[in-house]
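The values are calculated or read from the model by the stated rules, or taken from the named source; none is laboratory data. This is a predicted model, so every value here is computed, not measured. Glycine also receives a Cβ, built like all others from the backbone with ideal geometry; neighbour counts cover every protein chain displayed.
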Amino acid sequence: MLLKALLKGGIKVMPRQLTGDVEFHIISQDIFTVEVDAVVLPTSTTGALSSALGIRIKEAGGEDVEKEAMEVAPIAVGAAFVSQGGPCVAPYLIHVPIQLTPGEKIGVENIRRAARASLVAGNVKKFDTLAIPPLTRTEESGIPTIEIARSIIDEVRGHRHPKPEKVYLVTDKPSMIKAANKILSNLK
């Protein structure tokens, strides 16, 4: 089944069952406004909010979020830390380091490890719903959009825990929506 994303108004698309209990959705919406239990926040092991999403959170009044993360740092790539949601509608943020230091080039395995860590944290905290952004931008990392989408989708497909029940890939990038739809259309 091919998911078709509507790019206006944050409209959800038809869900796709990727594993026995996890529904996967692609939505085009401001991640600050997505009504989920937690938003996944890519970061560095230092806890600094240096990703595009992290900077938006900090600028919108999330200095306490960064301070909380930096107090528990270092956070290993492949691990996660849960904090208050800051300016997001979601009550929680799941911090997932994708790099050792801000600005460092990363490989696709870091995206996989971050996606996996967010799902495990969601299960441990018993979150029903997660919103995952693309975790990095091709322009910053050099990782092709299709590989970023594949990494996230593969980790959701491999997740075998009861929570979360729904995972939303949240993006405003038509290229990411197209890439995710292409991968989903090739799944058996």
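For this structure, a couple of remarks:
- Here Ile146 meets each of (1) of a type outside the set (Ser, Thr, Tyr); (2) closer than 23 Å to Gly62 by Cβ; (3) assigned to a helix (DSSP H, G or I) with one exception, condition (2).
- Put simply, of Pro144, Pro133, Pro164 the only residue that is in contact with a strand residue (DSSP E or B) (Cβ under 7 Å, 6 or more places away or on another chain) and either under 19 Å from Ser51 (Cβ atoms) or acidic (Asp, Glu) (or both) is Pro133.
- Applying the criterion of being β-branched (Val, Ile, Thr) and in a helix (DSSP H, G or I) to the residues of the range 61-103, the residue that is farthest from Ala48 (Cα to Cα) is Val72.
- Among the conditions (1) of a type in the set (Val, Ile, Thr); (2) within 17 Å of the chain's Cα centre (by Cα); (3) closer than 22 Å to Gly103 by Cα, Val89 misses just one, which is (3).
- The lone exception for Ile106 - which of (1) without any contact (Cβ under 8 Å) to a residue 40 or more places away in the chain; (2) surrounded by 14 or more Cβ atoms within 10 Å (Cβ to Cβ); (3) part of a helix (DSSP H, G or I) it fails: (3)
- Exactly one residue out of Ser50, Ser83 is surrounded by fewer than 23 Cβ atoms within 10 Å (Cβ to Cβ), modelled with pLDDT under 95 and more than 13 Å from the chain's Cα centre (by Cα), and it is Ser50.
- Output for the range 18-48, where each listed residue is out of contact with any Gly (no Cβ under 7 Å at 6 or more places or on another chain) and either aromatic (Phe, Trp, Tyr) or within 13 Å of Ala73 (Cβ to Cβ) (or both): Phe24, Phe32, Ser44, Thr45, Thr46, Gly47, Ala48
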